[in-house]
Amino acid sequence: MELRDKAVSIFINSLRGVHPENLIKENISLEDSQLKVKDEFFVIPDKIYVFGSGKASIEMAKAIEKIFNNRIKNGLVVCNYAEKLKSIDVFKSSHPIPDEKSLKAGELLLDRLSRLKEEDFFIYLLSGGSSALIEKLIPPITLDDLKKLTDLLLKNSVPIEEINVIRKHISRIKGGRLGHSTKAKGIVLVISDVIGDDLFTIGSAPMYYDKSTYQDAYRILRKYNLWDKIPVSVKTVIERGMKGIISETPKEENPNIKHFIIGSNLIALEYAKEEAERLGFNTYIMTSQLKGEAREIAKGISSIAKEIKKSGNPFRPPVCLLFGGETTVSVRGYGKGGRNQEMCLSFLKEIKNEKNVAFLSCGTDGIDGNSEAAGAVVDYKSYLKAKRLGLNIDEYLINNDSFTFFSKTGDVILTGNTGTNVMDVSILVLEN
């Protein structure tokens with residue numbers, strides 16, 4: 001088994017660990033009228049409702065249906081793809097840029113949740129991607145305005161935490177507004193796709209509450225020199241919010257709703273570690289909170305690899321170092337790729353034809369940037385193939401065209417839709 005194949009095997013095991021079926025099976029159980037979630041118990045009626053949004057919502061809903069069988073009265077989950085479920089409706093919406101379907105999805109969820117009575121009980125399945133998949137805008141903001149705003153924020157590499165502050169303050173469902181629309185009791189099962197598993201950030205916190213303000217949204221837009229570039233309607237809403245004309249997002253959690261994080265990047269890394277150790281590596285989880293410019297992070301990881309090769313510090317081979325989180329890419333070119341493939345390409349430039357080293361970086365949702373790949377895996381053979389094909393790494397980095405590069409060298413990793421989403425996993429493996 002080649003070193004690169006071992007890296008792939010480690011990644012695949014990390015995906016298995018954070019698949020919704022596994023996560024829900026580990027955290028949820030049902031006995032008559034008692035629902036156990038982790039170590040807490042809830043008395044529930046004979047029939048419950050199930051709602052949800054995010055890239056993992058369909059797979060989460062499938063697992064919930066297995067547990068509750070015929071006790072689900074009805075429900076609705078919003079995802080970026082469609083699949084028929086037994087008792088829960090599925091609405092296919094848009095991601096990463098919201099469209100008319102996002103507005104329809106937001107309207108449907110708000111309507112159904114607000115119709116529930118005090119004696120009702122629901123489970124909400126929340127995962128990454130919800131911010132774009134569900135929306136209900138505050139007038140006079142239009143869908144075109146939202147698209148322009150989202151495009152500006154993404155192209156200027158605004159971190160997701162700050163993007164979500166702005167999203168919350170132009171929305172009627174984000175920042176806890178959806179959760180405060182219902183009288184029913186419920187729980188929210190969360191698969192985290194943000195660094196630090198911050199409930200205020202995941203999916204723009206539709207069912208939680210919000211600590212940020214309209215003033216914060218204004219400050220962020222000023223910080224990235226975007227205030228004078230955003231649509232006039234967005235300015236209008238934020239200005240009205242700062243003046244108190246539009247009410248703030250809820251500042252306290254709905255006391256009838258309890259959140260549980262059941263999936264995270266750290267869990268994925270723990271499953272990766274399990275497989276790496278099975279393969280004979282001394283394995284260390286370095287961080288689940290990796291962030292920064294992808295190509296710069298890759299330089300740092302490559303320098304660690306070089307030091308291990310040279311001096312055996314800080315770890316002696318065979319060793320596997322695991323990194324999780326979500327980096328960013330400052331898009332300057334017009335190529336195809338994503339943060340994981342860009343990281344791999346930058347790593348390859350630094351490590352070149354050094355043998356007994358392999359590096360993999362992939363998105364756990366199976367989608368890296370604007371490509372169909374989850375990410376890539378590189379080793380010395382990747383460099384030799386690139387050299388033989390006359391591929392200039394710098395040219396592909398300049399054009400943010402990592403997918404095209406790795407398509408030519410055969411190093412892309414294609415998983416398809418994984419049904420989960422806990423950010424990215426990066427794996428460095430070294431042997432003697």
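Things to note:
- Going through (1) at pLDDT 95 or above; (2) in the same structural domain as ASP99 (by TED's automatic domain parsing); (3) over 13 Å from LEU189 (Cβ atoms); (4) surrounded by fewer than 23 Cβ atoms within 10 Å (Cβ to Cβ) one by one, GLU31 falls short only on (1).
- Test: LEU110 is hydrophobic (A, V, I, L, M, F, W, C), under 22 Å from TYR208 (Cβ atoms), over 20 Å from the mean Cα position of the chain (by Cα) and surrounded by 21 or more Cβ atoms within 10 Å (Cβ to Cβ): no
- Answer residue from segment 172-201, given it is of a type in the set (Ser, Thr, Tyr), at pLDDT 95 or above and assigned to a loop (DSSP other than H, G, I, E, B) and is surrounded by the fewest Cβ atoms within 10 Å (Cβ to Cβ) among those: THR182
- All of (1) buried (at least 21 other Cβ atoms within 10 Å of the Cβ); (2) touching a Lys or Arg at 6+ places or on another chain (Cβ under 9 Å); (3) of a type in the set (Gly, Ala, Ser) hold for GLY335 with one exception: (2).
- Count - residues of segment 67-113 that are within 17 Å of VAL50 (Cβ to Cβ) and of a type in the set (Phe, Trp, Tyr): 2
- Cβ pairs under 6 Å, 6+ apart, first in segment 323-337 and closer than 16 Å to ASP365 by Cβ, second in a strand (DSSP E or B) and polar (S, T, N, Q): GLY324/SER288; GLY325/GLN289
- Any hit, segment 132-149, residues being under 23 Å from ALA294 (Cβ atoms) and either surrounded by fewer than 24 Cβ atoms within 10 Å (Cβ to Cβ) or assigned by TED's automatic domain parsing to the domain that holds ILE58 (or both): yes
- Within this structure, ILE267 passes the test of being under 22 Å from the mean Cα position of the chain (by Cα), surrounded by 21 or more Cβ atoms within 10 Å (Cβ to Cβ) and farther than 22 Å from GLU342 by Cα.
- Per the conditions (1) within 19 Å of ALA294 (Cα to Cα); (2) surrounded by fewer than 24 Cβ atoms within 10 Å (Cβ to Cβ); (3) over 23 Å from the mean Cα position of the chain (by Cα); (4) not β-branched (Val, Ile, Thr), the sole criterion not satisfied by PHE405 is (2).
- One residue alone among VAL377, VAL319, VAL329 is modelled with pLDDT under 95, β-branched (Val, Ile, Thr) and closer than 28 Å to LEU15 by Cα, and that residue is VAL329.
- Residue within segment 275-288 that is in a helix (DSSP H, G or I), modelled with pLDDT of 95 or more and surrounded by fewer than 18 Cβ atoms within 10 Å (Cβ to Cβ) present: yes
- Evaluation of LYS38 against the conditions (1) surrounded by fewer than 23 Cβ atoms within 10 Å (Cβ to Cβ); (2) on the phi < 0 side of the Ramachandran plot; (3) touching a residue at least 60 places away in the same chain (Cβ under 8 Å) shows that the sole unmet condition is (2).
- Taken over segment 372-429, the criterion of being in contact with a Pro (Cβ under 8 Å, 6 or more places away or on another chain) and either among the β-branched types (Val, Ile, Thr) or not assigned by TED's automatic domain parsing to the domain that holds LYS306 (or both) is satisfied by THR420, VAL429.
- Matching option when the condition is closer than 20 Å to HIS95 by Cα and in the same structural domain as ARG71 (by TED's automatic domain parsing), among VAL194, VAL165: VAL194
- Residues located in segment 300-329, provided they are farther than 17 Å from VAL158 by Cα, touching an Asp or Glu at 6+ places or on another chain (Cβ under 6 Å), surrounded by 16 or more Cβ atoms within 10 Å (Cβ to Cβ) and not hydroxyl-bearing (Ser, Thr, Tyr): PRO317, PRO318
- Scanning segment 147-171 for residues that are outside any helix (DSSP H, G or I) and farther than 18 Å from THR236 by Cβ yields a count of 4.
- With respect to being of a type in the set (D, E, K, R), within 22 Å of SER157 (Cβ to Cβ) and more than 23 Å from the chain's Cα centre (by Cα), ASP394 fits the description.
- PRO255 vs. criteria of a type outside the set (Phe, Trp, Tyr), surrounded by fewer than 16 Cβ atoms within 10 Å (Cβ to Cβ) and under 30 Å from LYS25 (Cβ atoms): yes
- Matching residues, segment 95-110, being of a type outside the set (Asp, Glu), touching a helix residue (DSSP H, G or I) at 6+ places or on another chain (Cβ under 8 Å) and modelled with pLDDT of 95 or more: SER102, LEU103, ALA105, LEU110
The values are calculated or read from the model by the stated rules, or taken from the named source; none is laboratory data. This one's a predicted model, so the numbers in the text were calculated from it and none came from an experiment. Cβ sites come from the backbone with ideal geometry, for glycine too, and all protein chains shown count toward neighbours.
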